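Colleague: Here it is, the structure in full.
The values are calculated or read from the model by the stated rules, or taken from the named source; none is laboratory data. These numbers were taken from a predicted model, which means no experiment stands behind them. Neighbour counts run over all protein chains shown; Cβ positions are idealised from the backbone, glycine included. Please note that ligands, DNA and RNA were not included when accessible areas were found on the heavy atoms of the full protein model with its side chains. Shrake-Rupley method; radii C 1.70, N 1.55, O 1.52, S 1.80 Å.
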Amino acid sequence: MQVSLSDTGGLSRRLEVAVPANEVAKEVQQRLKRLSRTARLKGFRPGKAPLAVITKQFGEQVRAEVLSDLMRSSFVQAVTQEKLRPAGGPRIEPLALGPESDLKYAAHFEVLPEISINPPESLEVERPTAEVTEVDIDTMVENMRQQRPVFTTVERSARDTDRVRLDYQARIGGKPIESGDLSDVHVVIGSRQAMPELEEGLRGAAAGEQRTLNVVFPAAHPNKTLAGQSAELHLSIKAVEEQSLPAVDEEFFRTYGVEQGGLAEMRGEVRRSMEQELAEVIRGRMRAQVLEALYRSNPIEVPQALVEEQVQQLQIDTARRLGIRDASQLPRAEAFLEPARRRVALGLLVTHIVQSQGLKVDRERVLTRLNALVEAYPNADEARRAYLQNPDAMRQIESAVLEDQVVDWLLERARVTERPMSFSELTGFGRSAPEHEHNHDHGHVHAHAPTERHEQQEAGST
């Protein structure tokens with residue numbers, strides 16, 4: 001086999017390979033002979049057809065398979081011989097495939113860059129420092145009260161923050177529509193959880209009143225019959241309920257999973273949850289900083305093929321996150337180029353550190369991460385078995401753990417300075433108290449507050 005290597009610019013390479021014609025012919029003959037032992041041809045007993053007949057019947061197909069297999073195997077042999085590290089599969093350009101000539105082809109591909117990182121001692125990282133104070137806990141408990149308001153029926157017209165219970169019938173062009181009638185709908189005025197026209201139309205409403213509203217259903221409405229349609233809503237007001245905050249008592253504690261210990265235990269649970277969140281936020285900030293510093297201080301050329309793969313992955317992730325099914329609605333690929341380059345570069349830098357420092361994946365940390373993942377499932381043991389039986393899923397966990405180990409290795413050597421901050425500055429808590437900030441984590445205490453025992457009854461998707 002003859003090999004000729006040329007540099008075509010940057011990380012691109014052109015590898016010209018020639019496999020002698022006699023090697024190709026020898027492999028074709030061997031395969032035809034093996035085929036002749038099992039081939040079933042009309043007029044011949046199985047395995048008794050003459051080689052000439054087998055060659056006439058299957059010769060072209062077998063030769064095509066041999067050429068394909070030889071190009072694949074010879075490429076691997078050639079890059080090994082030339083001590084190359086391809087960044088992806090090659091683009092093959094056939095040069096000679098004739099039956100009497102040598103097999104010749106050119107392989108176009110990119111190689112991984114040579115990497116040497118600057119001393120990690122030159123990296124600068126800022127470690128935020130904060131503690132959870134009694135005032136922070138007071139604010140959190142108040143936030144938890146706001147997430148569990150009490151609604152009491154009142155005999156007056158509805159105003160902001162009131163919850164209105166109603167039935168409604170939707171009509172388009174005066175005609176009823178399928179699934180257009182709903183009973184016992186709960187709408188909190190001013191919550192922005194229902195259509196603006198509906199919330200506005202309920203202001204001043206009283207129990208027993210009938211109202212008719214003209215509305216336009218949002219284009220993203222789950223009922224496709226209603227999506228984007230102008231309609232009339234015929235409302236039957238059943239009750240107006242005034243909102244107030246719950247008392248901090250035993251019932252409130254049980255709502256958040258605290259059965260014993262009262263207020264002291266509740267505050268202790270809240271503190272532990274907030275301290276856990278604080279540690280995760282600090283760790284996340286330091287991780288982001290040290291990886292950004294690694295990226296900025298070690299500029300490397302990255303293979304375009306890997307960047308394109310990452311662009312596609314980022315587009316897929318975006319589509320999944322936004323619920324986009326039509327590819328034409330995705331942002332242009334150019335919007336993902338810079339984050340894709342960064343991801344590829346960091347992946348190569350992290351891999352270099354793993355290899356150069358001989359880092360091995362910490363099995364204990366893998367199990368810890370796995371346990372944390374399966375805790376979110378109703379049946380943790382079943383989920384754990386599913387992960388353990390899925391090599392791809394376990395490889396992703398191991399890769400994440402190994403990256404964490406690289407982050408630790410970098411932080412141990414980087415120049416770290418401390419910056420005192422408050423809990424609210426670090427976590428953003430306290431600016432507002434939206435419902436989405438509270439975790440629903442299937443029976444475990446996580447960030448912000450003890451576990452809730454039940455979900456709110458309000459219907460905000462009207």
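Colleague: Taking region 66-125, which trypsin sites (Lys or Arg not before Pro) meet the DSSP loop condition and have no more than 13 other C-beta atoms within 10 Å?
Modeller: Filter output for region 66-125: Lys83.
Colleague: Rolling a 1.4 angstrom probe over the protein chains, ignoring ligands and nucleic acids, what is the accessible area of Thr225 in square angstrom, nearest 10?
Modeller: Taking all protein chains as shown, Thr225 has close to 70 Å².
Colleague: Still on this structure, I have one more. How many nm separate the modelled label positions at Arg203 and Asp326, each set 7 Å beyond the Cα in the direction of the Cβ?
Modeller: That separation, rounded to one decimal, is 3.5 nm.
Colleague: Another question, if that's okay. What figure, in Å² to the nearest 10, do you get for the accessible area of Phe151 with a 1.4 Å probe and non-protein molecules left out?
Modeller: 40
Colleague: Which GluC sites (Glu not before Pro) from region 370-432 combine a DSSP loop assignment with at most 15 other Cβ atoms within 10 Å?
Modeller: Hits after loop and neighbour filter: Glu375.
Colleague: Sticking with this one: Determine ³J(HN,Hα), in whole Hz, for all residues of region 80-97 in sequence, where each value follows from phi through the Karplus function 6.51 cos²θ - 1.76 cosθ + 1.60 and θ = phi - 60°; x replaces Gly and Pro.
Modeller: Running phi through 6.51 cos²θ - 1.76 cosθ + 1.60 with θ = phi - 60° gives 5, 4, 8, 6, 9, 10, x, 8, x, x, x, 9, 8, 10, x, 10, 8, 10 Hz.
Colleague: What angle do you read, to the nearest 10 degrees and between 0 and 90, between the alpha-carbon axis of helix 21-36 and the longest principal axis of the chain?
Modeller: The angle comes out near 70 degrees.
Colleague: Now for a separate question. Check cross-link reach from Lys26 to the lysines: straight Cα distance under 22 Å, and skip same-chain residues fewer than eight apart.
Modeller: Within the straight-line cut-off, Lys26 pairs with Lys48, Lys56, Lys104.
Colleague: In what order, largest first, do Arg31, Arg321, Arg272 sit by accessible area if the probe radius is 1.4 Å?
Modeller: Values: Arg31 55, Arg321 165, Arg272 125 Å².
I get Arg321, Arg272, Arg31, largest accessible area first.
Colleague: Could you derive backbone 3J(HN,Hα) for region 385-395 from the dihedral phi with the Karplus parameters 6.51, -1.76 and 1.60 (θ = phi - 60°), listing whole Hz in sequence and x where the residue is Gly or Pro?
Modeller: With coefficients 6.51, -1.76 and 1.60, one gets 4, 4, 4, 5, 8, 10, x, 5, 5, 5, 5 Hz.
Colleague: Still on this model: ³J(HN,Hα) across region 234-245 via Karplus (A = 6.51, B = -1.76, C = 1.60, θ = phi - 60°), whole Hz, x for Gly/Pro?
Modeller: After applying 6.51 cos²θ - 1.76 cosθ + 1.60, I find 9, 9, 10, 7, 9, 6, 10, 10, 7, 9, 9, 8 Hz.
Colleague: Considering only protein heavy atoms and a 1.4 Å probe, what is the carbon-and-sulfur percentage of the accessible area of region 176-274? Don't skip to the end; give the middle numbers.
Modeller: On the way: 2460 of 5150 Å².
Roughly 48 percent of what the probe reaches on region 176-274 is carbon or sulfur.
Colleague: Give me the accessible area per residue for the chain, probe 1.4 Å, as a whole number in Å².
Modeller: Working: 26750 Å² over 462 residues.
Ligands and nucleic acids excluded, the result is 58 Å² per residue.
Colleague: In addition: Report the paramagnetic label zone for Ile177: residues of region 209-235 whose backbone N is under 18 Å from a point 7 Å from Cα along the Cα-to-Cβ axis.
Modeller: Under cut-off, by backbone N: 212-235.
Colleague: In degrees between 0 and 90, to the nearest 10, how far off the longest principal axis of the chain does helix 134-147 point, with axes built from Cα atoms?
Modeller: With both axes taken from Cα atoms, the answer is about 80 degrees.
Colleague: For region 81-99, list residues with backbone N below 15 Å from a point placed 7 Å from the Cα of Glu308 toward its Cβ?
Modeller: Inside the label zone: 87-93.
Colleague: Once the Cβ-Cβ distance between Ser12 and Arg45 is put in as r, and R0 is 41 Å, what FRET efficiency do you end up with, to the nearest 0.05?
Modeller: Computed FRET efficiency for Ser12 and Arg45: 0.15.
Colleague: When the Cα centres of region 208-223 and region 85-154 are compared, how far apart do they sit, in Å?
Modeller: That distance is 43 Å.
Colleague: Would you mind calculating the gained length between Ala247 and Ala288 on full extension (0.36 nm times residue separation, minus the Cα-Cα distance), in nm to one decimal?
Modeller: Net length gain for the segment: 10.7 nm.
Colleague: What nm distance separates the two modelled labels at Leu5 and Val366, each placed 7 Å from Cα along Cα→Cβ?
Modeller: For Leu5 paired with Val366, the spin-label model returns 3.3 nm.
Colleague: Here are a few candidate values for Rg and Dmax of the Cα atoms in Å: (i) 26.0, 74; (ii) 33.2, 100; (iii) 22.9, 81. Which one was actually calculated from the structure I just gave you?
Modeller: (ii)
Colleague: Might you work out the accessible area of Asp381 for me, using a 1.4 Å probe with all protein chains in place, and round it to the nearest 10 Å²?
Modeller: Approximately 90 Å² of Asp381 is accessible to the 1.4 Å probe.
Colleague: Can you give the FRET efficiency to the nearest 0.05 for Ala21 and Ser356, using r as the Cβ-Cβ distance and R₀ = 45 Å?
Modeller: That pair, Ala21 with Ser356, gives E of 0.55.
Colleague: Now for a different question. Expressed as an acute angle from 0 to 90° and rounded to the nearest 10, what is the orientation of the C-alpha long axis of helix 262-297 relative to the principal long axis of the chain?
Modeller: Roughly 40 degrees between the two axes.
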